[in-house]
C-alpha cells in the first residue's frame, strides 16, 4: 500500500504540478513512468495494467480529436475569426463575441482544442486592433472552461464521468447547461466590470486594418465536417454509446474526406491519450493496494448523500488546483463509484472539477494552452492579473452550480 501511495504522489506531482526543480519530464512521460512503476514494483501484473486502461474513454477522445482536426484543416476557425472581426462594434462587443463563441464551441469540441485554435487567432486580432490583451485572453480561457461544463464532450474529465456514470447525454446537458450559460454571462459581466476603463475606449475600425489575409477555406471539407458534427450530436442525443458515436463519425469523416487523413491524425493530441492510459494504470494500482477502500471507510457515505454536494465541490476544487482537474477526477471518481454516488454526485464532480480550472492561471490545461500560446506570440499574461478575475469567478460559478444541483431534485 505504501509503495502504491508513493508512486501515486510522485506521478501526480509530475503530471499536476510540472516545473518541479531539477525535473524536466512532460505530463505524458510522467504518467507513463508512474504506470511502469506500478508494474515493476509488483503492485500490478502486466495483465492487470492492460485491463486497467479504459478503452471506451480513449476511443471517445480519439474520435472527437479527429473530427476537430478536420474542422481545423477545412478552415472553420479562420472563418470564425473573420466573423468575430466583422461583427465586433466595440471593445465590449468583441469581448462578448469571444466569450460566447469560445464558450459554446467548447461544449462541442473540447475546451483544450478551442483554446489551442483560438489563442493565435485572438492574439492576431488584439494586435491588429491595438487592444489590451488581458481581458480577451482571460475571457477566452475562462469561457472555454465554463462552456465545456455543459456536455460530456466538452472536456476530458466530463467524458470520463459521462462514460463511468452512464448519465445520458441529454440528461447531463439539461442539468449543467443552465449553470454553464449563466456562468458565461457572469464571466462577461465580471471581466467587463474589472476592465471597464480599458473596454470603454473606442475600437479601431475594420477599414483601418491592413493586410488581412485571404481565407483559405476548403468549402467541401468544411461542409462535410459540419454535417458529421451534426450527425454525432443527433446520435448522442438518441442515446447511442458516446465512444461508438465518436469513433464511427471520425471514421466516416476520414473515409469521405480521405485526401487529408495523415494531416488530420497529426493534429490528434496523442500525449493526452498517453496521460490517460498511464493514469488509469496508476489508479488501478491504488485501488488494488486498498487505498480507495481505506478512504471510503474513513469518509463513510458522505459522497453519496445529497447534503454532501457542498463537500464534494470544495474537495474537488482543492484537489483540482493541486493536481489539475483531469487527474483530480481520476482520483475522486472511484470514491464516488464505490460509495454508490448517484447522478447528482457525479454531476457535482463534473461541475466543480471543470469550474475549478478557472481559479488560477495554471488551474487547467486550457489555461496553460492560452498562456503558452500567447507567450509564443510575444504576449504575456500575469498570474495575479488573471487571479483578480479567476478567484471571484470560480467561487461565484461553483456556488451557482451548487444551487442548481441542490434544487434539481
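Residues in the range 393-409 that are touching a helix residue (DSSP H, G or I) at 6+ places or on another chain (Cβ under 7 Å) and either crowded, with 16+ Cβ neighbours inside 10 Å or part of a loop (DSSP other than H, G, I, E, B) (or both): 393, 394, 396, 397, 398, 400, 401, 402, 404, 405, 408.
Of all residue pairs spaced 6 or more apart or on separate chains, those with beta-carbon atoms under 6 Å, a first member in the range 378-395 that is farther than 17 Å from residue 144 by Cα and a second member that is part of a loop (DSSP other than H, G, I, E, B) are 383/361. Considering the conditions (1) under 18 Å from the mean Cα position of the chain (by Cα); (2) surrounded by 15 or more Cβ atoms within 10 Å (Cβ to Cβ); (3) modelled with pLDDT under 90; (4) part of a helix (DSSP H, G or I), residue 268 is excluded by exactly one of them, (4).
Results for (1) at pLDDT below 85; (2) within 11 Å of the chain's Cα centre (by Cα); (3) in a loop (DSSP other than H, G, I, E, B), shown as yes or no for each residue.
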{"residue": "345", "(1), (2), (3)": "no, no, no"}
{"residue": "348", "(1), (2), (3)": "no, no, no"}
{"residue": "352", "(1), (2), (3)": "no, no, no"}
{"residue": "362", "(1), (2), (3)": "yes, no, yes"}
{"residue": "366", "(1), (2), (3)": "yes, yes, no"}
{"residue": "375", "(1), (2), (3)": "yes, no, no"}
{"residue": "380", "(1), (2), (3)": "yes, no, yes"}
{"residue": "389", "(1), (2), (3)": "no, no, no"}
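Selection over the range 310-320 of residues that are modelled with pLDDT under 80 and under 16 Å from residue 401 (Cβ atoms) gives a count of 2. Pairing each residue of the range 189-203 that is under 12 Å from residue 129 (Cβ atoms) with any residue that is not in a loop (DSSP other than H, G, I, E, B), provided the two are 6+ apart or on different chains, yields C-beta distances under 6 Å for 203/91.
The values are calculated or read from the model by the stated rules, or taken from the named source; none is laboratory data. Keep in mind it's a predicted model, so treat the numbers as computed, not measured. Glycine also receives a Cβ, built like all others from the backbone with ideal geometry; neighbour counts cover every protein chain displayed.
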